[in-house]
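Worksheet: the structure to be examined is printed underneath.
The values are calculated or read from the model by the stated rules, or taken from the named source; none is laboratory data. Small disclaimer: the values here were computed from a predicted structure and weren't measured. Glycine gets a Cβ as well: all are built from the backbone with ideal geometry, and neighbour counts include every protein chain shown. Note: accessible area is taken over every heavy atom of the protein model, side chains too, but ligands, DNA and RNA are not part of it. Shrake-Rupley method; radii C 1.70, N 1.55, O 1.52, S 1.80 Å.
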Amino acid sequence: MLGRSSKAAKVAEELSHYGGVRGRSLARDALQRFLSNKAAIFCVFFLAAIVLFVLFGPALAKWNNEEIDWAVLGDIAAQGMPSVQSGHYFGTDELGRDLYSRTIQATGTSLMVGLIGTAMALVVGTTWGVTAGYLGGRVDSIMMRIVDILYSVPITLVVILILVVAGRSFTTLFIALGSVSWLTMSRIVRAQTLALKNREFIEAARAGGVSELMIVVRHIIPNLLGVLIVYASLLVPDLIFAESFISFLGLGISEPYTSLGALISEGAGTMGYGTLWQLLVPLFFYVSITFTMFFIGDGLRDALDPKDR
Amino acid sequence: MLAYTIRRLAGSIPTILVLIVASFFLMRLAPGGPFTSERPLPPEVLANIEARYGLDQPLWKQLWDYLLNIILRFDFGPSLVFKDRDVSDIISQGLPITLTYGLLTFVVATVVGVSLGVYAAMHHNTWVDYLAVSLGIFAQSLPNFIMGPVLILIFTLWLGWLPGGGWNGGQWPYLIMPVIALSTSYIGSITRITRSAMLEVLNSNYVRTARAKGLSERSIIWRHTLKPTLLPVVSYLGPVFVYVVTGSVFVDIYFSTGGLGQYFVSAALTRDYSVLLGITILYGVLTVIVNLLTDLAYAWLDPKIRL
């Protein structure tokens, strides 16, 4: 009789399948926190839409980015405006080129700069910071001294210097941005490595006979991931800003390639002639990208680094 | 404190030296010089010009002379493009202008950002707070080269209230737009930094004690929380200075204010190495000094740091 009720049976079953409650990993916790941040999720979708636009937008274009529409050239303000009929969805630029195609190309450039620059910063910054922090001593002080020196120069000006010296091209631009973008990353990584390297689990690994290299690869770097993701996501808008800034000054990549900064600069130059779309379209894309990236970065920080609140 | 200052100053000398040497060699490695033109100059003429500017000397000799001139006479050599103008002339002409609106930007961004941040934190989780946070992020994604054209569009083209550029001895109508354009995105970030620092302080135990004692909210904010709140803001001022310096390049170009940035960009386009090098070194030295000052301010604000 005793313990035959359905409720008791349920309890008994739960007890016998001990372990039914699974522990949640830190990563899962973080994901949960990020998913419940509505603003950040909205921004992820918005950014995804922009990426899709860059990837598949050209399929809808009636003009490519270099063609000049001679029909509108004399009278851009009246005939070059955005319209579906003429096929210039975003209008044309001052030279009669299709702004839709050029915006897609420019947005692509900006996104590429953000991604590749951040990837370079991740690789160089992590290597540099982990090496300095883990080895310590004189190596550490020399390596960090180099970072200090590079830090004391306004970084965008250094990028301009490199572009002047090595010639303006995509490769130079990436190398120039990559060569200065890793500084903050390396400082953060070094600080984290210093905090980690004297912890018990590292000592345990060493006592267990794990080689130093393996300790770094298997124990230090995985513990840096959260911080790395947060700072990488905040670095992307910084780099997009740097590149657009340089292009705005006319020192970035040259025609026929273009970037959002160059388009904004062109639009700003012609806004007195009644062709306001030339300014507003690239401006909208620039602000949308950096705005969403900031929100996503913030969301990631809240999710991965909750004590920073 | 004095010993620390001297130690830091001594420590920054090698930094500045390395900066000069590195940028010197970077420049000289560049293909094409200021005298490369469409029509190649006859070799004799080129040799004469190079002798005039000392470019025919061995590299180490050029570097040594350059260093000595900077240290002894604050002389960055002649401009390679503008005849009869020294880099020092250009600097002494452009720097006061850049510093004027640069410092103003600094002050505006800090004062507005800190006030907004404190106000938002005092009204935590109300609509004021949310508005301040969203505006902060929005302002952060409005860098100078976005704000510049937008401001000119509104205030010069549409409303006709402000002049679209120029300097005119730094009269205030010419200062407003450069300062707003430069400060907007830093107002955003300073607001957010201040807000989260203030929230942390407001939740600390000693503030609760102060409240329990019955102190007025006003005196808690002014006497007890403002100083610790400013700590992270102060450590952010170094980077802000670097950004303002960089942004001044945009302002000088876009608003034709005649500051150093204008010379920097035209030197970059014409490969005027000596001007480029002089301005980079100057900005590097200024950055080192500002970083030193912020560290000192930090030490003064933070009772935990004993020098």
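Could you give every pair whose Cβ atoms fall below 6 Å, whose first residue belongs to the range A:35-62 and is farther than 18 Å from residue A:260 by Cα, and whose second residue is small (Gly, Ala, Ser) and open to solvent by less than 100 Å² (accessible area, probe 1.4 Å), counting only separations of at least 6 or pairs across chains? Final answer for the pair search is A:37/A:299; A:40/A:299; A:61/A:101; A:62/A:87. Any idea which of (1) more than 17 Å from the chain's Cα centre (by Cα); (2) open to solvent by 50 Å² or more (accessible area, probe 1.4 Å) is the one residue B:120 doesn't satisfy? Unmet condition: (2).
For the range B:139-171, the candidate set comprises residues that are in contact (Cβ under 8 Å) with a residue 24 or more places away in the chain and not in a helix (DSSP H, G or I); within that set, the residue that is nearest to the other protein chains (Cβ to nearest Cβ) is B:141. Looking at the range B:122-131, is at least one residue assigned to a helix (DSSP H, G or I) and in contact with a Ser or Thr (Cβ under 7 Å, 6 or more places away or on another chain)? Looking for residues that are assigned to a helix (DSSP H, G or I) and in contact with a Ser or Thr (Cβ under 7 Å, 6 or more places away or on another chain), one finds none in the range B:122-131, hence no. Open to solvent by 10 Å² or more (accessible area, probe 1.4 Å) and either of a type in the set (Gly, Ala, Ser) or modelled with pLDDT of 85 or more (or both): does that describe residue A:113? It is false that residue A:113 is open to solvent by 10 Å² or more (accessible area, probe 1.4 Å) and either of a type in the set (Gly, Ala, Ser) or modelled with pLDDT of 85 or more (or both).
Every condition in (1) open to solvent by 30 Å² or more (accessible area, probe 1.4 Å); (2) within 23 Å of residue B:258 (Cα to Cα); (3) within 11 Å of chain A (Cβ to nearest Cβ) is met by residue B:203 except one, and the failing one is (2).
Among residues of the range A:267-279 that are over 14 Å from residue A:97 (Cα atoms) and more than 10 Å from chain B (Cβ to nearest Cβ), those with a beta-carbon under 8 Å from a residue that is in a helix (DSSP H, G or I) and at pLDDT 80 or above at least six positions away or on a different chain give the pairs A:270/A:278; A:270/A:279.
Looking at this structure, is residue A:150 open to solvent by less than 30 Å² (accessible area, probe 1.4 Å), more than 30 Å from residue A:69 (Cβ to Cβ) and touching a Ser or Thr at 6+ places or on another chain (Cβ under 9 Å)? So residue A:150 does not fit the description; no. Looking only at residues that are surrounded by fewer than 16 Cβ atoms within 10 Å (Cβ to Cβ) and under 21 Å from residue B:230 (Cα atoms) in the range B:93-110, which one is farthest from the other protein chains (Cβ to nearest Cβ)? Taking the candidates together, the pick is B:107. Would it be correct to say that residue A:261 is of a type in the set (Gly, Ala, Ser), within 11 Å of another protein chain (Cβ to nearest Cβ) and either on the phi < 0 side of the Ramachandran plot or in a helix (DSSP H, G or I) (or both)? Considered against the rule, which asks whether it is of a type in the set (Gly, Ala, Ser), within 11 Å of another protein chain (Cβ to nearest Cβ) and either on the phi < 0 side of the Ramachandran plot or in a helix (DSSP H, G or I) (or both), residue A:261 comes out as yes. With respect to being outside any loop (DSSP other than H, G, I, E, B) and either under 18 Å from residue A:50 (Cα atoms) or open to solvent by 10 Å² or more (accessible area, probe 1.4 Å) (or both), residue A:234 fits the description.
Candidates A:240, A:296, A:289, A:202: the one that is out of contact with any Lys or Arg (no Cβ under 8 Å at 6 or more places or on another chain), within 12 Å of chain B (Cβ to nearest Cβ) and farther than 20 Å from residue A:101 by Cα is A:296. The combined condition, being within 14 Å of chain A (Cβ to nearest Cβ), open to solvent by 60 Å² or more (accessible area, probe 1.4 Å) and over 28 Å from residue B:249 (Cα atoms), is fulfilled by residue B:130. Being over 24 Å from residue A:267 (Cα atoms), open to solvent by less than 10 Å² (accessible area, probe 1.4 Å) and either among the basic types (Lys, Arg) or within 14 Å of chain A (Cβ to nearest Cβ) (or both): is that true of residue B:113 here? Criteria not met by residue B:113. Within the range B:271-290, none of the residues are away from chain A (no Cβ under 13 Å), over 23 Å from residue B:62 (Cβ atoms) and within 19 Å of the chain's Cα centre (by Cα). Is it the case, given these coordinates, that residue B:136 is at pLDDT 85 or above and either within 12 Å of chain A (Cβ to nearest Cβ) or not in a helix (DSSP H, G or I) (or both)? Judged against the criteria, residue B:136 is a match.
Consider only pairs whose beta carbons are under 8 Å apart and that are at least six residues apart or on different chains; among these, list those whose first residue lies in the range B:265-277 and is within 16 Å of residue B:25 (Cα to Cα) and whose second residue is among the basic types (Lys, Arg) and surrounded by fewer than 20 Cβ atoms within 10 Å (Cβ to Cβ). Pairs that qualify, where the first residue is within 16 Å of residue B:25 (Cα to Cα) and the partner is among the basic types (Lys, Arg) and surrounded by fewer than 20 Cβ atoms within 10 Å (Cβ to Cβ), are B:273/B:28. If you filter the range A:123-165 down to residues that are aliphatic (A, V, I, L, M), farther than 22 Å from residue B:14 by Cα and away from chain B (no Cβ under 14 Å), you find that the one that is farthest from the chain's Cα centre (by Cα) is A:135.
One residue alone among B:58, B:149 is under 30 Å from residue B:278 (Cα atoms) and surrounded by 14 or more Cβ atoms within 10 Å (Cβ to Cβ), and that residue is B:149.
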